[in-house]
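Note sheet for the following structure.
Just so you know, all these numbers are worked out from the coordinates, no wet-lab data involved. Keep in mind that this is a model prediction, so the values were computed, not measured. Note that each Cβ is placed from the backbone with ideal geometry, even for glycine, and that neighbours are counted across all protein chains shown.
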Amino acid sequence: MRRKIDVLMVGLLALSPCVYSQNIKGEVDVTNKQGQTITGSWEEPEEGLDESIILRAQDYVEAFHFLRQQNPTGKVFFIVSGVSIDRVEDFKIMSNGTLGVLYIRTNRGLQSKIIKIEDIDELGMR
């Protein structure tokens, strides 16, 4: 049973795309019944990945406030994962810097939406 699980895991590793291109931490070789050798490896993310997200989050907050200063009566919009979110009244980042809070003016009052910083495609003013 253990061998079947190992072969399955290596097969899944061989078929799945790698997310990171550095820091390989291990490698496994398995020979199947047809005599083919399958090599699987696993990786860990690079150090400092979260730091770039935090810096980007701070840039988004700064850009939001810049747009607000340029035209206080204008409507700021965000494009998040390809979806436009209009009438954003305020934008704040959470303490770790990987999530943001959009405060959106709606007919039912001010509503909030939590978004991942890496999902932000664009922000601007209409």
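Descriptive notes on the structure:
- For Met125, distant residues with modelled amide H under 5 Å away: Phe77
- Label zone at Gln70, where the point sits 7 Å out along the Cα-to-Cβ direction: the stretch 77-100 residues whose backbone N lies under 16 Å: 77-79, 87-88
- Near the amide H of Arg87, within less than 5 Å, lie the amide hydrogens of Val76, all on another chain or at least 5 residues away, with H placed in the peptide plane.
- Here each label is just a point 7 Å from Cα along the line to Cβ, and for Glu122 and Leu99 those points are 2.8 nm apart.
- Cut-off under 5 Å, modelled amide H: who pairs with Leu99 long-range: Met94, Ile117
- In this entry, the stretch 49-125 is assigned a mean projected area of 4.9 nm², taken as a quarter of its C-alpha convex hull surface.
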